[in-house]
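The values are calculated or read from the model by the stated rules, or taken from the named source; none is laboratory data. Note that the structure is a prediction, hence the values are computed from the model and not measured. Note that we place each Cβ from the backbone using ideal geometry, even for glycine, and neighbour counts take in every protein chain shown.
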């Protein structure tokens, strides 16, 4: 073959390879161009598998079905092609069937197809062998050294093209991951903003609820009949239910520091189902619960709720999208050394090809904008950190089943049962520092019903002025107030070395906030709004003993 013809072939192959950075397109184009310009009717291209132990047939021209089956997967280092891939040395044969390296199964196929000459060259890039390029011919003329050199040069071009395609594919993957990460950051910022909004809403809602619940308790003390007391009890229960809804919103909208305690899983499920109750009603989803007695687990209840909410939310969305209705079944069972939760739906189930990847980060089958692909991944991470297990499967009768196991808590250290502190032996003089007059007034009335007296200070600065002017046994202070908040008020008491600083009780509508938890860690009691008379008496006992 003339040198000019070599250049023509190389130019044709190079032009074909330069038109695409897609791996499959590169392979298809390379074989088509090479076979077409050389006139060789049989060619094959193998690439090394990810595990490095086999070669996979990724393209061919002119192979019979029998020969294609033999060449589909080849062991590295064995046979003609495997030997070239392992050694990196070109192999050219005039009578291929006479080679001792040829597999017996391949020999029969080669004889049947009348293949005589054979040449196989390695495909390299960046010092690595990526695969092999092979040509076979059915005519008696052997491959010339010039043709072998041409094939080697072509293989080098293919290697460069494959490496470029790999780099391009990796770059695209990184860009997609960057986009997903950016979307997740935006999502996280929205959640943070939602958390701040929820905290503000909780403050605005819990203060009126505190007033309502307090007034109801005061009215119940002097109710003229059982009927009136019954109606007041309904108001109190509904106020407590509204407060519970607010607390659930805070739990799911805010990010709290992990805090593992004894956790009853059934209670956390009830919280999640309560949060979703209205959506279930709108979407015709019937909820069936089956809770067997189970020991508590040692876990962060907020993280457990997050996992349960993700599982319930996935089931809800699957049923709504498939049928517009459904039955959600949640079971709790004791297992060997653990508590098992089963979340079952009667939706379409999980496609088998998706099951191995549903816990992968950013993997989602939902349409764009409907899922970040992180819910199940985050849940899996939380469960793993707790030493538990989370897995999914399809139900034989239809629908998906998610199984969650959390290890049960070990035996608690022996300790004496908590002793209920006695009521203060004398009436206490209490200072109430609160920025809302109605909340302060109802709290003063509740304290009066317990036999104590109370002065009201509107805001932290007024509270400090009253501390300097009078003697108080206990002070209640709202955590969030304008100008001077509860924490600043407490710090000012400490700076004065006032004994009242040891008998300060904080009030807040969000007792699980970072601020409230930090205050508890510093030794001060925290009373969550709204509160009952019993809760008020209990925290007063604690503070009075200091």
So which residues in the stretch 120-160 are assigned to a loop (DSSP other than H, G, I, E, B) and crowded, with 19+ Cβ neighbours inside 10 Å? 143
Can you tell me which of (1) crowded, with 18+ Cβ neighbours inside 10 Å; (2) outside any strand (DSSP E or B) is the one residue 505 doesn't meet? (2)
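So that you can scan it fast, the table gives a plain yes or no per residue for (1) over 26 Å from residue 246 (Cβ atoms); (2) in contact (Cβ under 8 Å) with a residue 24 or more places away in the chain; (3) in contact with a strand residue (DSSP E or B) (Cβ under 6 Å, 6 or more places away or on another chain):
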| site | (1), (2), (3) |
| --- | --- |
| 448 | yes, no, no |
| 451 | yes, yes, no |
| 473 | yes, yes, yes |
| 476 | no, yes, yes |
| 481 | no, yes, no |
| 503 | yes, yes, yes |
| 507 | no, yes, yes |
| 514 | no, yes, no |
Filter pass, residue 126 being on the phi > 0 side of the Ramachandran plot and under 44 Å from the mean Cα position of the chain (by Cα): yes
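Looking only at the stretch 11-29, decide whether some residue is in the same structural domain as residue 158 (by TED's automatic domain parsing), at pLDDT below 85 and over 51 Å from the mean Cα position of the chain (by Cα). So that I can check it myself, show each step before the final result.
The first filter runs over the stretch 11-29 and keeps only residues in the same structural domain as residue 158 (by TED's automatic domain parsing), leaving 11-29.
From what is left, the residues that are at pLDDT below 85 are 11-29.
Imposing the further condition that a residue be over 51 Å from the mean Cα position of the chain (by Cα) reduces the set to none.
The answer is no, given that none of the residues of the stretch 11-29 is in the same structural domain as residue 158 (by TED's automatic domain parsing), at pLDDT below 85 and over 51 Å from the mean Cα position of the chain (by Cα).
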All conditions in (1) on the phi > 0 side of the Ramachandran plot; (2) surrounded by fewer than 13 Cβ atoms within 10 Å (Cβ to Cβ) are true of residue 112 except (1)
Residue 393, sole failed condition from (1) within 30 Å of residue 303 (Cβ to Cβ); (2) modelled with pLDDT of 90 or more; (3) surrounded by 14 or more Cβ atoms within 10 Å (Cβ to Cβ): (3)
Only residues that are in a helix (DSSP H, G or I) and more than 12 Å from residue 533 (Cβ to Cβ): list them for the stretch 220-232, please. 226, 227, 228, 229, 230, 231, 232
(1) within 16 Å of residue 439 (Cα to Cα); (2) assigned to a loop (DSSP other than H, G, I, E, B) all hold for residue 536 apart from (2)
By residue number, the members of the stretch 279-298 that are part of a loop (DSSP other than H, G, I, E, B), more than 14 Å from residue 267 (Cβ to Cβ) and under 26 Å from the mean Cα position of the chain (by Cα) are 283
Quick one: residue 468 ticks every box in (1) at pLDDT below 90; (2) closer than 27 Å to residue 201 by Cβ; (3) part of a helix (DSSP H, G or I) except a single one, so which number is it? (2)
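Would the stretch 96-106 turn up any residue that is part of a helix (DSSP H, G or I), surrounded by 19 or more Cβ atoms within 10 Å (Cβ to Cβ) and out of contact with any strand residue (DSSP E or B) (no Cβ under 6 Å at 6 or more places or on another chain)? So that I can check it myself, show each step before the final result.
First, the residues of the stretch 96-106 that are part of a helix (DSSP H, G or I): 96-98, 104-106.
This time we only want the ones that are surrounded by 19 or more Cβ atoms within 10 Å (Cβ to Cβ), so: 96, 106.
Remaining after also requiring out of contact with any strand residue (DSSP E or B) (no Cβ under 6 Å at 6 or more places or on another chain): 106.
The answer is yes; a qualifying residue exists.
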Being crowded, with 20+ Cβ neighbours inside 10 Å and more than 39 Å from the chain's Cα centre (by Cα), is that true of even one residue in the stretch 508-520? no
Please determine whether any residue of the stretch 315-337 is closer than 17 Å to residue 407 by Cβ, in the same structural domain as residue 386 (by TED's automatic domain parsing) and under 18 Å from the mean Cα position of the chain (by Cα). no
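Take residue 447 and decide whether it is buried (at least 18 other Cβ atoms within 10 Å of the Cβ) and over 25 Å from residue 214 (Cα atoms). Can you show your working first?
Values: buried (at least 18 other Cβ atoms within 10 Å of the Cβ): yes; over 25 Å from residue 214 (Cα atoms): no.
Taking the combined requirement at face value, the residue does not satisfy it.
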So residue 261 clears everything in (1) crowded, with 17+ Cβ neighbours inside 10 Å; (2) modelled with pLDDT under 95; (3) in a strand (DSSP E or B) except one condition, right? Which one? (1)
